[in-house]
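K.L.:
Right, I'll just put the structure down here and ask away after.
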Amino acid sequence: MVVKPAKAGEVFVGRLAHGDDLLDSLTAFCASKKITLAWVQALGAVQKARVGYYDQNNKKYEFIDYDRHLEILNLTGNVSVRDGKPMLHAHVTLADDRGNAFGGHLAQGTVVFACEFCVQVLDGSELVREMETQTGLPLWRA
Ligand code: ZN
C-alpha cells in the first residue's frame with residue numbers, strides 16, 4: 001500500500017469548450033496551473049468516446065471507440081506526476097440514448113459536446129508514477 005497525507009487546497013470549477021479533447025483539455029488545464037496533486041470530477045456529454053480496458057493477462061490496454069453521442073454520467077480522476085509532468089488518470093461512465101451505461105479508462109479521442117468539471121487541488125507531497133512490473137502499469141511509487 002502507498003499512502004501519503006494531503007490537505008484540501010484550491011478548488012477550480014469550470015466548463016470545457018465544445019470540441020475539446022476531454023483528456024487533453026483537463027490535462028492542459030492542470031499543467032497551466034502547475035497542479036501536480038488533485039482529484040477530478042466531471043459530467044456532461046461527448047460527441048464520441050475512446051476508452052481503454054486493461055487486459056491484465058497481456059498487460060496492455062485494449063481500446064474501445066464509440067462513434068456516437070453519449071452522456072458523461074461520471075468522470076472520476078486524479079492528477080499526479082509522470083515523467084516530471086502532471087498526468088490525469090481518469091475513468092468515465094457513459095450512457096447511450098437508451099440509458100445503458102458502460103465506460104472505461106479515459107483515452108485521447110473523446111470529444112466534448114459539453115462538460116462541467118471540478119478540480120480539487122490537494123496540498124501534500126507529490127505522488128509520482130513509475131512503471132511497476134507486477135501490473136505493467138505506471139503506479140504511484142512509495
Ligand atoms: Zn485507468
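The values are calculated or read from the model by the stated rules, or taken from the named source; none is laboratory data. Computed from a predicted structure; not experimentally measured. Note that we place each Cβ from the backbone using ideal geometry, even for glycine, and neighbour counts take in every protein chain shown. To get the accessible areas, we keep the full protein, side chains included, count just its heavy atoms, and leave off ligands, DNA and RNA. Shrake-Rupley method; radii C 1.70, N 1.55, O 1.52, S 1.80 Å.
K.L.:
Accessible surface of Glu62 in the full protein assembly, 1.4 angstrom probe, to the nearest 10 Å²?
P.N.:
For Glu62, the solvent-accessible surface is approximately 80 Å².
K.L.:
A follow-up question, please. With the other protein chains left in place, how much accessible area per residue, in square angstrom, belongs to the chain at a 1.4 angstrom probe? List each step's numbers first, then the result.
P.N.:
Working: 8440 Å² over 142 residues.
Per-residue accessible area for the chain comes out at 59 Å².
K.L.:
Subtracting the Cα-Cα distance from 0.36 nm times the residue separation, let me have the gained length for Asp65 to Asn78 in nm, one decimal. Mind showing how you got there, number by number?
P.N.:
Working: separation 13, 0.36 × 13 = 4.68 nm, distance 2.27 nm.
Extending this stretch completely gives an extra 2.4 nm.
K.L.:
Under 17 Å from a point 7 Å along the Cα-to-Cβ line of Asp97: which residues of region 50-73 have their amide N that close?
P.N.:
Flagged as within label range: 66-72.
K.L.:
When the Karplus curve 6.51 cos²θ - 1.76 cosθ + 1.60 is applied with θ = phi - 60°, which whole-Hz ³J(HN,Hα) does each residue of region 64-71 get, with x for Gly and Pro?
P.N.:
For region 64-71, the Karplus-derived couplings read 10, 9, 10, 8, 7, 7, 9, 7 Hz, x marking Gly and Pro.
K.L.:
With springs only between Cα atoms under 10 Å apart, run a GNM on the chain and tell me which of Val11, Val40, Val112 wobbles the most.
P.N.:
Largest GNM mean-square fluctuation: Val11.
K.L.:
Next up: Taking the dipole about the Cα centre of region 86-142, with the C-beta of Lys and Arg at +1 and of Asp and Glu at -1, give me whichever of His89, Val112, Thr133 is farthest to the positive side.
P.N.:
Final value for the positive-end residue is Thr133.
K.L.:
I've got another one for you. Taking θ = phi - 60°, what integer Hz values does the Karplus form 6.51 cos²θ - 1.76 cosθ + 1.60 yield along region 7-16, in sequence order, with x for Gly and Pro?
P.N.:
So the Karplus estimates, Gly and Pro as x, are 10, 4, x, 5, 10, 10, 10, x, 9, 7 Hz.
K.L.:
Can I ask one more? For Lys60, give me every one of the lysines with a C-alpha distance below 28 angstrom, ignoring sequence neighbours fewer than eight places off in its own chain.
P.N.:
Answer for Lys60, where 28 Å is the Cα cut-off: Lys4, Lys48, Lys85, listed by chain and number.
K.L.:
So, one more: Put a dot 7 Å past each Cα toward the Cβ at Val11 and Leu43; how far apart are the dots in nm?
P.N.:
1.5
K.L.:
Under 5 Å between amide hydrogens, which residues at least 5 positions from Arg82 or on another chain qualify, with H placed 1.01 Å from N in the peptide plane?
P.N.:
Met87, Arg129
K.L.:
Rounded, prolate or oblate: pick one for the chain, where a ≥ b ≥ c are the square roots of the eigenvalues of its C-alpha gyration tensor, a/c under 1.5 means rounded, and failing that, prolate if a/b is larger than b/c, else oblate. It would help to have the intermediate numbers written out before the result.
P.N.:
Working: a/c = 2.08, a/b = 1.24, b/c = 1.69.
Oblate shape, in that a/c is at least 1.5 and b/c is the bigger or equal ratio.
K.L.:
Let me ask another. At 1.4 Å probe size, with the rest of the protein present, what percent of the exposed accessible area of the chain is carbon and sulfur atoms? List each step's numbers first, then the result.
P.N.:
Details: 4310 of 8440 Å².
C and S fraction of accessible area: 51 percent.
K.L.:
Moving on to the next point. Per DSSP helix of 4 or more residues, -39500 (n - 2.57); summed, then divided by the residues of the chain. What does that give at 222 nm, rounded to the nearest 500? Write out the running numbers ahead of the final one.
P.N.:
Values: 1 runs with 11 residues, N = 142.
When only DSSP H runs of four or more count, the value is -2500 deg cm²/dmol.
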